[in-house]
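Below is one structure, written out as C-alpha cells; the observations come after it.
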Ligand code: FEO
C-alpha cells in the first residue's frame with residue numbers, strides 16, 4: 001500500500017525548498033560572520049539569529065514531508081554568494097535573496113493549487129506570510145539606510161544603525 005500523500009512533483013518541490021531554506025541559513029550565517037569581522041556586532045547578532053530562523057524553516061519543511069508519508073532527500077547545500085561590500089549592500093543582498101525565495105514558495109503554492117493538494121497549499125500559506133514579513137523588514141531597513149545616506153552613510157549613522165540592530169529581539 002502506498003501511504004505517500006504527496007505527488008512526485010510536490011515531493012520534489014518541497015525537498016528542493018527544504019534545501020533552499022538551508023541555503024538561506026548559510027547566506028545569513030556568512031553575512032553575519034562578515035558583519036562580525038567588520039565590527040558590526042549588532043548586525044551580526046541579528047543575522048546569526050536569522051540564520052537559526054532559516055534552519056527552523058528547513059526543519060518545518062522536512063517535518064511536513066515526513067508527516068505526509070513522503071521521502072526526505074537531504075542533499076548538498078550550495079555555497080552562499082560573496083560577502084557584502086557594505087552594510088547597505090548586505091541588506092540589498094538579503095532583500096534580493098528573500099524576493100527570490102518568495103518566487104519559489106509561490107511556485108509550490110501554485111503547483112499544490114493546480115494539483116488540488118489542499119494540505120500542501122494550506123501548509124505553504126505560512127511560508128507566504130513569513131515571506132511578506134521578511135521582505136517588509138528588509139525593505140524597512142533599506143529605507144532607513146537610504147534616509148541615513150545609503151552607501152554614503154556617515155560613521156555616526158552606521159554606529160547608530162548597528163547599535164539599533166543589536167536591540168532587535
Ligand atoms: Fe525561510 Fe527567509 O525565508
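The values are calculated or read from the model by the stated rules, or taken from the named source; none is laboratory data. On a predicted model such as this, the values are computed, not experimentally measured, just so you know. Cβ coordinates were reconstructed from backbone atoms using ideal geometry, including for glycine residues, and neighbour counts include every protein chain displayed.
Only one of 106, 64, 40 is surrounded by 12 or more Cβ atoms within 10 Å (Cβ to Cβ), more than 11 Å from the ligand (Cβ to nearest atom) and without any contact (Cβ under 8 Å) to a residue 24 or more places away in the chain. Can you tell me which?
Details: 64 fails: without any contact (Cβ under 8 Å) to a residue 24 or more places away in the chain; 40 fails: without any contact (Cβ under 8 Å) to a residue 24 or more places away in the chain.
Checking each option against the conditions leaves just 106.
Check whether at least one residue in region 13-32 is surrounded by fewer than 19 Cβ atoms within 10 Å (Cβ to Cβ) and without any contact (Cβ under 8 Å) to a residue 40 or more places away in the chain, and report yes or no.
no
Go through (1) at pLDDT below 95; (2) under 17 Å from the mean Cα position of the chain (by Cα) and name the single condition residue 126 misses.
All conditions pass for residue 126, except number (1).
(1) out of contact with any helix residue (DSSP H, G or I) (no Cβ under 9 Å at 6 or more places or on another chain); (2) within 16 Å of the ligand (Cβ to nearest atom): which one isn't true of residue 154, the others all being true?
(2)
In the list 133, 116, 82, which residue meets the criterion of being within 18 Å of residue 9 (Cα to Cα) and without any contact (Cβ under 8 Å) to a residue 24 or more places away in the chain?
116
Return a yes/no flag: does region 81-91 have any residue that is under 17 Å from residue 20 (Cβ atoms) and either surrounded by fewer than 13 Cβ atoms within 10 Å (Cβ to Cβ) or away from the ligand (no atom under 14 Å from the Cβ) (or both). Walk me through it before giving the result.
Of all residues in region 81-91, those under 17 Å from residue 20 (Cβ atoms) come to 81.
Remaining after also requiring either surrounded by fewer than 13 Cβ atoms within 10 Å (Cβ to Cβ) or away from the ligand (no atom under 14 Å from the Cβ) (or both): 81.
Yes, some residue in region 81-91 is under 17 Å from residue 20 (Cβ atoms) and either surrounded by fewer than 13 Cβ atoms within 10 Å (Cβ to Cβ) or away from the ligand (no atom under 14 Å from the Cβ) (or both).
Considering only region 92-103, state which residues are surrounded by fewer than 19 Cβ atoms within 10 Å (Cβ to Cβ) and under 11 Å from the mean Cα position of the chain (by Cα).
95, 96, 99, 100, 102
Could you list, in sequence order, all residues of region 129-151 that are surrounded by 14 or more Cβ atoms within 10 Å (Cβ to Cβ) and within 12 Å of the ligand (Cβ to nearest atom)?
130, 131, 134, 135, 137, 138 - these are the residues of region 129-151 that are surrounded by 14 or more Cβ atoms within 10 Å (Cβ to Cβ) and within 12 Å of the ligand (Cβ to nearest atom).
Which members of region 60-86 meet the condition of being under 30 Å from residue 145 (Cα atoms) and within 18 Å of the chain's Cα centre (by Cα)?
Selection gives 78, 79, 80, 81, 82, 83, 84.
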